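Okay, so here's the structure we're looking at.
The values are calculated or read from the model by the stated rules, or taken from the named source; none is laboratory data. From a predicted model like this one, the values you see are computed outputs, not experimental measurements. Heads up, the Cβs are rebuilt from the backbone with ideal geometry, glycines too, and the neighbour counts pull from every protein chain shown. Just so you know, the surface numbers come from the protein's heavy atoms only, side chains and all, with ligands and any DNA or RNA stripped out. Shrake-Rupley method; radii C 1.70, N 1.55, O 1.52, S 1.80 Å.
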Amino acid sequence: MSTSSQQHMDHSRHAVMRAQCRHLSAGLRGMSMLEAATVLVTLAAYWATPVSLLLLLGWAALTLTFIAARILWLQSWDLEDDTDHRQLRRYISLFVLISGLLLGLGGLLLNLQSATPDESLFYAQLTLGCLGIGLGIVALAAYSSHLFTVVSYQALLLTPAFTQLLLTQPDNPALATTLLAIAGFLFLTARYINSTSHRALDLQISNTALIDYLDRARANAEALNEKLAEEICERKEARRRLQEANDRLESMVSERTRALEVANRELTATGERLELALEASNIGLWDWNLNTGSNYHTNFDRLLGYENEYFGNFFGDLKQLVHPDDFPTIRRGMVAHFKGETDRYHAIYRLRHKQGHWCWLEDDGRVVEWDDNGRAIRMIGTRRDITSQREAQEQQRLAATVFENAPEGIFILDRQFRFLAANARFEQITGYREEEMNGKSIADSEHARRHSNLYHTIRVGLRRNGFWEGEITGRRRNGEIFPEWVQISSVLDERQRVIRYVGMISDLTSRKEAEERVRFLSNYDRLTGLPNRTLFRERLHKALTLGRLNRSRVALLMIDLDRFKPINESLGHEIGDRLLKLAADRISHCGPGEESLARVGGDEFALVLDNCGGEPQIGALCQKIINAMKKPFLIDSHELLLGASIGISLFPSTAMDAQPMINQADMAVH
């Protein structure tokens, strides 16, 4: 290699290195401002979270100090002097990587907590994640001239957070795939932008070299002309014409060079804008030659996982990958467009992703070239992945179905507690139709005004906690009062402002009736309606307690029906049950009241007498009961005869406690 060629290559490398240093230093200044802003936003986002303030402030102070020192260092360098630009590029790359490491470690250190999830921490983490991804994207442009710097910066910035997510969710392959895809996309984008940046630098240096060459040629021509003027005076006119021709040539070259530069910049910018627009819009472009079957695709590797070379035949590939139920839709859409029935080809269908699952796609295209016979020969269109939109629509339909068919009444209020919507169950419970309630406040009714304190408590609870639940008394449209269980939750926007209230009501009428029924059955006999053994013991204990306080006498009468068992076994349990009810009625009419009488067994009753008189009065009551039982019972043409055996225990004469009294009375009756 000649010495001049070597010098030219060295000069080119030096020019590229100097241009890289200018680009990196400019990007570093801009990124310093963004990184400082990121630290301040992160500090504000984590200030009210459970993260240690000492750790948060320490990390923020260290990072901001480093950024300030880096800015001061940049001010001390002069890129236009004979600086060792290779060494300068190393320093700039080192400072870029240190800032990426500090920010990445900050994301890791501030999210090591494994305690109970906290809503403030979740939004702080979401903010930090968005800032990190934003810095990574801005770095693509700021450091694009040096691939190692931009890739290493993104790796140091995002790897700690990605590693933490993978460690906290090791059983989530979808997360690993997503993170790997993000890293891959960032690398490919960095490589593409770096390649474009280098091409632009090379073009700029080439143009500069061409201009320098023209300047040198002009200088040489002028020197030659001067020399010829001194040596050959007679050729002055020829030299003048040559100079004019040379000037015109220079002007033409200069104008052509400027025109080429402008066209090149516009072409590059247009290509970049088109590429970025396709990537940002998640759209793939296809160009189909109907004569050859060949086609051109963009962005389909990201949309469907297939390499662009996979789609060799447009229609044949679709037939293999499209869901069998959807392929006729594509065929009909194309045929209709080819026949001129529609101005555009449009189809929505399912296509199998390379990983095996189905994706919903939307095709939109148009024939752009026809032959002389009116046949389509070229078609261009776009393909867009609408899987997320379809899933969102499905979720909306599911939510609407749940809303309308929920077993509880559901209603939606605005910030002023005015009704916006209610489901069918709400109408069934309250009797109010949705159109009657829309626009009205929950405090507008007369019932709500009478219970204004309760509704004020609900509002205070919602403002403080964002949730309130409890049992209240409601009024139906027909005026009926009923118990209801109400749950109301606040709905917040992205700025944590209340925009709606969602509530659910449940009618507790059946539940209250069931509870009342259970309470009755647990204390009363189902057949006679008298207190059962449990309630009988409670009343006996209460009577004994009052007897001790008042120094009064309490009598316990255990009554056993004679000849009941033979009647029950011979005539059946239905007759026996009716006989027991009639016997209980007769005993109730003989005693002081039903509240003192209880059924404690099959044909056994107990009667508690509070503050009873002497033994003569108790004996008279017992005889009255025995006489009542001797009278015949008429049931379905059967004349049934019973008797009664009565055992008596007295407090405090014969027993002092409930169980001894029961035992004594039971022994006495037998």
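Which part of region 535-579 falls in the paramagnetic zone of HIS638, meaning amide N under 17 Å from the point 7 Å along Cα-to-beta-carbon?
From region 535-579, the list is 561-579.
Taking amide hydrogens as modeled 1.01 Å from N in the peptide plane, which residues meet the under 5 Å criterion relative to LEU290, leaving out close sequence neighbours?
ARG378, MET379
Read phi for every residue in region 216-227 and hand back ³J(HN,Hα) as whole Hz from Karplus 6.51 cos²θ - 1.76 cosθ + 1.60, θ = phi - 60°, with x for Gly and Pro.
Going residue by residue, I get 5, 4, 5, 4, 5, 5, 5, 5, 5, 5, 5, 5 Hz, with x marking Gly and Pro.
Would you mind getting the Kirkwood hydrodynamic radius of region 534-625 from its Cα pairs, rounded to one decimal in Å? Working shown, then result.
Details: mean 1/r = 0.0701 Å⁻¹.
Result for region 534-625 stands at 14.3 Å.
Just flag the GluC sites (Glu not before Pro) in region 445-485 sitting in loop per DSSP whose Cβ has no more than 14 other Cβ atoms within 10 Å. Kindly include the intermediate steps, with their values, before the conclusion.
Working: sites: GLU446, GLU469, GLU471, GLU480, GLU484; in loops: GLU480.
Filter output for region 445-485: GLU480.
Please compute the Kirkwood hydrodynamic radius of region 322-420 from all pairs of different C-alpha atoms, in Å with one decimal.
Hydrodynamic radius (Kirkwood, Cα pairs) of region 322-420 is 17.0 Å.
Can you tell which of SER490, TYR501, GLY547 lies farthest toward the positive end of the dipole of region 451-559, using +1 and -1 charges on the Cβ of basic and acidic side chains (Lys, Arg; Asp, Glu)?
GLY547
Taking amide H positions as placed in the peptide plane 1.01 Å from N, state which residues far from THR342 in sequence (5 or more) or on other chains have amide H under 5 Å from it.
HIS337
So for GLU639, GLU604, what's the accessible-area order with a 1.4 Å probe, most first?
Details: GLU639 125, GLU604 45 Å².
These residues rank, largest area first, as GLU639, GLU604.
At 0.36 nm per residue, and after removing the present C-alpha to C-alpha distance, how many nm does the segment from VAL335 to ARG511 gain when stretched out fully? Intermediate results must be reported in sequence, preceding the final value.
Values: separation 176, 0.36 × 176 = 63.36 nm, distance 6.32 nm.
Length gained between VAL335 and ARG511: 57.0 nm.
Show the residues, 5+ positions off or on another chain, whose built amide H is closer than 5 Å to the amide H of ASP562.
Under 5 Å from the amide H of ASP562: GLY643, ALA644, SER645.
Can you compute 3J(HN,Hα) from phi for each residue in region 329-338, using the Karplus curve 6.51 cos²θ - 1.76 cosθ + 1.60 with θ = phi - 60°, rounded to whole Hz and x for Gly and Pro?
Each residue of region 329-338 in turn: 5, 5, 4, 4, x, 5, 4, 4, 6, 5 Hz.
Once phi is turned into θ = phi - 60°, what whole-Hz ³J(HN,Hα) does the Karplus curve with 6.51, -1.76 and 1.60 give for every residue of region 17-30, x standing for Gly and Pro?
These are the phi-based 3J(HN,Hα) values: 4, 5, 5, 4, 5, 4, 5, 5, 5, 5, x, 5, 5, x Hz.
Grab the beta carbon distance between ILE71 and ASN291, set R0 = 41 Å, and tell me the FRET efficiency rounded to 0.05.
On the way: r = 61 Å, r/R0 = 1.48.
Approximately 0.10, to the nearest 0.05.
Add +1 for every Lys or Arg and -1 for every Asp or Glu among the other residues with Cβ under 15 Å from the Cβ of GLN617, and state the total. Kindly include the intermediate steps, with their values, before the conclusion.
On the way: positive: ARG553, LYS624; negative: ASP610, GLU615.
Around GLN617, the surrounding residues sum to 0.
Straight distance only, please: which lysines reach the Cα of LYS354 with their own Cα at less than 30 Å, same-chain residues fewer than 8 apart left out?
Within the straight-line cut-off, LYS354 pairs with LYS319.
Quote the relative contact order of region 436-547 in percent (integer), defining contacts as alpha-carbon pairs under 8 Å separated by 6+ residues.
Values: 105 pairs, mean separation 14.6, N = 112.
Value for region 436-547: 13 percent.
If you take the C-alpha gyration tensor of region 547-592, multiply each eigenvalue by 5 and take the square root, what semi-axes do you get, largest first, in whole Å?
Result for region 547-592: semi-axes of 33, 11, 7 Å.
Rounding to the nearest 20 debye, state how big the charge dipole of region 468-569 is about its Cα centre with +1 on each Lys and Arg Cβ and -1 on each Asp and Glu Cβ. All intermediate terms of the calculation are to be shown ahead of the outcome.
Working: 20 positive and 15 negative charges, 112 e Å.
So the dipole magnitude of region 468-569 works out to roughly 540 debye.
Evaluate the charge dipole of region 561-618 about its Cα centre and quote only its size in Debye, nearest 20, assuming +1 on the Cβ of each Lys and Arg and -1 on the Cβ of each Asp and Glu. Mind showing how you got there, number by number?
On the way: 6 positive and 11 negative charges, 37 e Å.
In total the dipole reaches around 180 debye.
At 10 °C and 1.306 mPa s, grab the translational diffusion coefficient of region 511-551 from Stokes-Einstein with a Kirkwood Rh over Cα pairs, rounded to a whole number in µm² per second. Let's see the in-between values first.
Numbers: Rh = 11.5 Å.
Estimated via Stokes-Einstein, D reaches 138 µm²/s.
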